[in-house]
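Asker: Have a look at this one before I ask anything.
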Amino acid sequence: MTAPYGYGWSPKRITVSTIGVKKGLQRFLDESNCHLAVSLHSPFPEERLKLMPVEKPFPATEVLDIIRRYDFSGQRRVSFEYIVFKNLNDTPRHADALAGLVKGIPCRVNLIRFHAIPDVPLESSDLKRLEEFRDRLNRKGVTCTIRTSRGEDILAACGMLSTAKAGQNCKGME
């Protein structure tokens, strides 16, 4: 999409989102100047594994080690997406661990409110808790924002495009 013989779009207008497939990530970072967004959702491997089974083959710490090899101090940006679940990953302990995890990476953490999905027992943190989490990260030097939510009214917001099977995978997370 950025090739001059194609659309010729500026890499500054493209963000590629990933869960951290290492081989693909390495290639993307070597061959592209587009922005990068990585889904984390927990700074603790055992919790992230429950939320994201990809933690097993592609641990977040290894993904972050790859990211640290690249320069994100200029035009190219990296962000970390963090869906915030009530009483699951929204504590000061989580914010402190997340700040430690991304330390040394010029980045932004985007907090995303969880959107209720039928038959999924997880809930979103309230706005006060999101703001406290954001403010704690900002005080620790991590740029953090609460992302504006769109699409919930048509069941198409972040995390809502799931199947009944995906909902079953979340049983026992509450």
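Asker: Within the stretch 84-133, which GluC sites (Glu not before Pro) sit in a loop by DSSP and count at most 15 neighbouring Cβ atoms inside 10 Å?
Answerer: Answer in residue order: Glu123.
Asker: Of Lys12/Lys50; Lys22/Lys140; Lys103/Lys128; Lys50/Lys103; Lys23/Lys50, which sit over 31 Å apart, Cα to Cα?
Answerer: Beyond 31 Å between Cα atoms: Lys12/Lys50.
Asker: Could you give the distance between the Cα centres of the stretch 70-145 and the stretch 7-55, to the whole Å?
Answerer: After rounding, the separation between the Cα centres reads 15 Å.
Asker: By the gyration tensor of its Cα atoms, with a ≥ b ≥ c the square roots of the eigenvalues, what is the shape of the stretch 43-88: rounded for a/c under 1.5, prolate for a/b over b/c, or oblate?
Answerer: oblate
Asker: Could you work out how much longer the chain between Ile66 and Asn33 gets when fully extended? Use 0.36 nm per residue separation minus the Cα distance between them, nm to one decimal.
Answerer: 10.4 nm
Asker: By its C-alpha gyration tensor, with a ≥ b ≥ c as the square roots of the eigenvalues, how is the chain shaped: rounded for a/c under 1.5, else prolate for a/b larger than b/c, else oblate?
Answerer: prolate
Asker: Sticking with this one: Cα gyration tensor of the stretch 81-126, axes a ≥ b ≥ c as square roots of the eigenvalues: rounded (a/c below 1.5), prolate (a/b > b/c) or oblate?
Answerer: Prolate, because a/c is 1.5 or more and a/b exceeds b/c.
Asker: Please give the solvent-accessible surface of Asp135 in Å², to the nearest 10, using a probe radius of 1.4 Å with every protein chain present.
Answerer: Around 60 Å² of this residue is reachable by solvent.
Asker: Here is a follow-up. For the pair Arg139 and Ala116, how long in nm is the line joining their label points, each one 7 Å along Cα→Cβ?
Answerer: Each label point lies 7 Å from its Cα, and together they span 3.2 nm.
Asker: Could you work out the local net charge near Val142, counting Lys and Arg as +1, Asp and Glu as -1, over the other residues with Cβ closer than 12 Å to its Cβ?
Answerer: Spelling it out: positives minus negatives among the neighbours equals +4.
Asker: For every helix of n ≥ 4 consecutive DSSP H residues, a contribution of -39,500 (n - 2.57) applies; sum these over the chain, divide by its total residues, and give [θ] at 222 nm rounded to the nearest 500 deg cm²/dmol.
Answerer: -9000 deg cm²/dmol
The values are calculated or read from the model by the stated rules, or taken from the named source; none is laboratory data. Everything numeric in this text was worked out from a predicted model, so none of it was measured. So basically every Cβ, Gly included, is an ideal-geometry build from the backbone, and we count neighbours across all protein chains shown. To get the accessible areas, we keep the full protein, side chains included, count just its heavy atoms, and leave off ligands, DNA and RNA. Shrake-Rupley method; radii C 1.70, N 1.55, O 1.52, S 1.80 Å.
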